[in-house]
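Each remark here refers to the structure printed beneath this line.
The values are calculated or read from the model by the stated rules, or taken from the named source; none is laboratory data. Computed from a prediction, not measured in an experiment: that's the story for all the values here. Using ideal geometry, Cβ is built from the backbone for each residue, glycine included, and neighbour counts are taken over all protein chains shown. Accessible surface areas use protein heavy atoms only, side chains included; no ligands, DNA or RNA. Shrake-Rupley method; radii C 1.70, N 1.55, O 1.52, S 1.80 Å.
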Amino acid sequence: MKKTIIGLFLLGTVIAQAQQDSVQRILKPLKGSSANDSIINFKTKITDYKFWNNGQKPEIIDTTLNIKNYYNQNFIRRDAFGKLFFPNVGGAVTDLEYQNQPFSTSLLPTGKKYNYYRASDIKYYDVKTPYTEFVYENGVKEGSFLSSTFSHNINKQFNYTFHYRGLISEGRYRNEKAQNNTFVFSSNYKTKSERFKLWWHYAAQRLNNNENGGIQDINDFILQDDRRMTNVRNILVNSQTAKSMFDARRIEMNASYGILKRMNAKDSTFYNPIVIKNTISYEKQKFRYEDSSPVGELYDTEILTRLAKSNQKASTDFYNVTTAGFQWTDRVQIEAGVKFQNLRVFSDEALNYQIFDSNYQNLVSRNVINPKQIEENLFGVVGKVNFDWNEKLKLYGNVEYLQGDNYKSVYNVDAVLDITPIKGYTLSAGALIQSKIPSLNQIYNQSFFEDFNYAHQFETENTQKLFAKLNLEKVNTSVEGSLYNIDNHVYLDQDLMYKQLSDNVNYFKIKGINHLQFGKINLVSTAQYQKVTKNETYMPLPDFLIRETLYWQGELFNKKAQLQAGINATYFTKYNGLRYIPVINEFALQDPATMQEIGGYPILDIFINFKVQNMRFYIRGEHINASFTKQPDYFAAPNVPYRDFKFQLGLKWNIFS
């Protein structure tokens with residue numbers, strides 16, 4: 001196995017060098033077939049390879065070796081600060097800080113939200129030559145993770161892109177296997193005058209997990225040596241047969257058309273002063289939980305024995321947005337329009353179940369009644385402003401206001417003001433005012449567990465947020481703070497019943513990041529203090545989050561390669577974390593009688609990142625201090641251990657052909 005890995009690494013290095021050389025050489029496309037044909041000489045450069053997310057400005061594909069890319073080396077492909085992974089990759093993730101909630105509601109469970117591509121996550125590309133990206137990592141115990149992207153411009157006007165992400169990981173504990181598959185096709189087209197533009201995507205996602213419900217006795221984990229449980233596969237878990245499956249299919253199409261002649265046509269800043277845009281989207285999501293041998297005592301609820309040992313629900317989300325955009329200069333853009341949205345959450349049939357005694361003769365309890373579906377129609381207005389006055393003053397704002405059948409009004413208003421009084425020093429400040437429909441997973445469910453059948457009519461959840469960020473680029477430091485007021489917070493209580501808080505929750509956080517550099521030695525420090533100052537019981541969070549990254553980075557082999565090597569340490573203070581409930585893939589408050597604290601334990605990783613041309617090869621020893629901890633007391637959630645030591649191999653390869 002080691003020889004195979006080394007061989008693949010050496011082969012990849014050689015091929016990567018060859019691919020880079022092909023990008024740098026002069027390409028000579030021929031016109032016609034005669035000897036007198038003209039030759040066009042051109043060189044590709046990294047700025048010829050761009051991507052963007054819907055509504056965002058284009059970005060250049062990043063092939064650099066930097067600390068931000070190291071922080072993104074995980075299955076969710078984003079910085080994991082403020083997040084705590086379950087023991088197997090592709091599983092649930094515990095949030096250690098409160099985050100902004102998406103305005104659009106869906107069926108997506110909290111336990112699967114980090115493995116899912118929203119419409120705003122889909123990338124659209126514009127590449128001069130065919131572009132391919134491979135990302136590979138090994139799984140836990142058995143399995144692997146592969147992400148691949150292929151993008152091609154047929155001409156300057158039309159691009160198509162295929163993206164696939166697949167994972168299979170066995171995990172170390174019983175019944176925690178993860179199988180995730182995602183396929184995305186995206187494309188974009190524009191006319192030569194760029195008056196008409198079309199961009200669309202299709203996404204198919206399947207996120208499946210075996211659910212063991214955590215370990216039965218945490219002392220089997222903490223006192224491994226005393227109880228002869230050094231092989232964690234022997235530790236008993238709460239379920240060996242449960243599975244959760246989430247499936248989503250989405251198609252979204254966007255188009256824009258300039259109805260007036262373009263302005264500034266002689267330079268690169270040309271634009272149409274009035275543009276009509278339309279977005280139409282349809283998505284169907286399904287969530288299924290099954291268990292061939294459910295245990296009612298685990299959740300202290302009755303099992304509806306005459307129902308199949310599986311439950312499935314689905315949702316559909318259709319919306320259409322039509323807007324008109326006005327652009328008087330290249331620095332002032334205003335967009336306004338209307339939106340219609342139809343939401344449905346449903347099961348195959350309504351539930352009307354009677355609980356009888358053991359002889360099925362007399363009704364001894366009650367009826368369990370659940371409707372077949374809940375539907376909501378929403379209609380309203382949307383708007384956007386982009387005021388880019390100059391390099392020192394910028395204003396961005398979005399507004400959405402909708403009225404529905406069951407919810408009188410929902411709205412989302414957010415605005416950000418950027419001020420740069422001195423070059424290299426930027427102050428950003430803004431506000432978010434939001435009233436949204438709670439998650440469809442919180443509103444509706446059908447289950448063979450009696451207490452997990454519900455159809456709630458909650459009030460809208462209301463959030464007001466003020467935030468500011470000071471970015472001191474010249475000293476590599478940033479400081480940011482946020483203040484939240486959350487009304488009508490929906491939570492899963494200790495009895496596993498959904499409730500809505502009639503009071504408000506107050507929360508603030510202050511975060512600082514500093515990057516010190518001493519020659520080739522770097523120290524990146526991230527610290528956050530946060531506090532729920534009102535109703536902390538309903539939103540438990542640790543007070544302090546800390547991350548320190550010490551590393552060396554430099555060039556090798558006559559500057560033909562780069563090396564980054566160091567150690568990363570993370571820590572958060574103890575707190576009474578939320579427990580994970582696999583039946584609905586959500587987190588609930590703990591029972592006060594069996595309260596378990598998590599945190600108060602440092603996690604150390606060592607890493608080596610090696611870059612040759614456009615190929616990055618990385619090795620990580622994750623949670624190395626687990627190897628010499630005699631009594632492990634590290635948990636991702638109550639009764640769910642954090643990941644043990646893991647030797648991680650990974651490869652990211654950008655190919656410009």
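Observations on the model:
- Taking the listed residues Tyr319, Tyr299, the one that is buried (at least 18 other Cβ atoms within 10 Å of the Cβ), hydroxyl-bearing (Ser, Thr, Tyr) and at pLDDT below 95 is Tyr299, with no other qualifying.
- Per the listing Arg172, Arg195, Arg227, the residue uniquely at pLDDT below 95, more than 30 Å from Asn445 (Cα to Cα) and touching a Phe, Trp or Tyr at 6+ places or on another chain (Cβ under 8 Å) is Arg195.
- Considering only residues in the stretch 601-627 that are within 24 Å of Val237 (Cα to Cα) and either surrounded by fewer than 16 Cβ atoms within 10 Å (Cβ to Cβ) or touching a Pro at 6+ places or on another chain (Cβ under 8 Å) (or both), the one that is modelled with the lowest pLDDT turns out to be Ser627.
- Taken over the stretch 542-577, the criterion of being open to solvent by 20 Å² or more (accessible area, probe 1.4 Å), part of a loop (DSSP other than H, G, I, E, B) and either within 15 Å of Lys611 (Cα to Cα) or not polar (S, T, N, Q) (or both) is satisfied by Asp543, Phe557, Asn558, Lys559, Lys560, Lys574.
- Residues of the stretch 423-476 that turn out to be among the polar types (S, T, N, Q), closer than 30 Å to Val295 by Cβ and out of contact with any Lys or Arg (no Cβ under 8 Å at 6 or more places or on another chain), as a count: 5
- Unmet requirement for Gln631, which otherwise passes all of (1) out of contact with any Ser or Thr (no Cβ under 6 Å at 6 or more places or on another chain); (2) modelled with pLDDT of 95 or more; (3) not aromatic (Phe, Trp, Tyr): (2)
- Which listed residue is under 27 Å from the mean Cα position of the chain (by Cα), of a type in the set (A, V, I, L, M, F, W, C) and open to solvent by less than 30 Å² (accessible area, probe 1.4 Å), from Val416, Val399, Val410: Val410
- Once the stretch 645-657 is narrowed to residues that are in contact with a helix residue (DSSP H, G or I) (Cβ under 6 Å, 6 or more places away or on another chain) and buried (at least 18 other Cβ atoms within 10 Å of the Cβ), the residue that is farthest from Thr44 (Cα to Cα) is Ile655.
- Scanning the stretch 132-146 for residues that are part of a loop (DSSP other than H, G, I, E, B) and open to solvent by 50 Å² or more (accessible area, probe 1.4 Å) yields a count of 2.
- Lone qualifier among Arg118, Arg165 - being closer than 30 Å to Ala636 by Cα, without any contact (Cβ under 8 Å) to a residue 24 or more places away in the chain and open to solvent by 50 Å² or more (accessible area, probe 1.4 Å): Arg118
- Single unsatisfied condition, Gln457 versus (1) open to solvent by 40 Å² or more (accessible area, probe 1.4 Å); (2) at pLDDT 95 or above: (2)
- Test: residue in the stretch 540-554 that is without any contact (Cβ under 8 Å) to a residue 60 or more places away in the chain, more than 28 Å from the chain's Cα centre (by Cα) and at positive phi: no
- Residue selected from the stretch 549-582 under the condition modelled with pLDDT under 95 and among the hydrophobic types (A, V, I, L, M, F, W, C), by the criterion farthest from Tyr114 (Cα to Cα): Phe557
- Single residue of the stretch 198-233 satisfying the filter (of a type in the set (A, V, I, L, M, F, W, C) and in a helix (DSSP H, G or I)) that is most open to solvent (accessible area, probe 1.4 Å): Ile218
- Filtering the stretch 86-105 for residues that are more than 30 Å from Leu466 (Cβ to Cβ), open to solvent by less than 40 Å² (accessible area, probe 1.4 Å) and out of contact with any strand residue (DSSP E or B) (no Cβ under 7 Å at 6 or more places or on another chain) leaves an empty set.
- Checking each residue in the stretch 504-518 for being open to solvent by less than 60 Å² (accessible area, probe 1.4 Å) and not aromatic (Phe, Trp, Tyr) picks out Asn504, Val505, Asn506, Lys509, Lys511, Gly512, Ile513, Asn514, His515.
- The stretch 586-657 holds strands (runs of 3 or more DSSP E) entirely within its bounds, and those carrying 2 or more residues that are among the aliphatic types (A, V, I, L, M) map to 603-612, 615-622, 635-637, 646-656.
- From the options Thr129, Thr161, Thr149, residue that is more than 16 Å from the chain's Cα centre (by Cα), polar (S, T, N, Q) and not in a strand (DSSP E or B): Thr129
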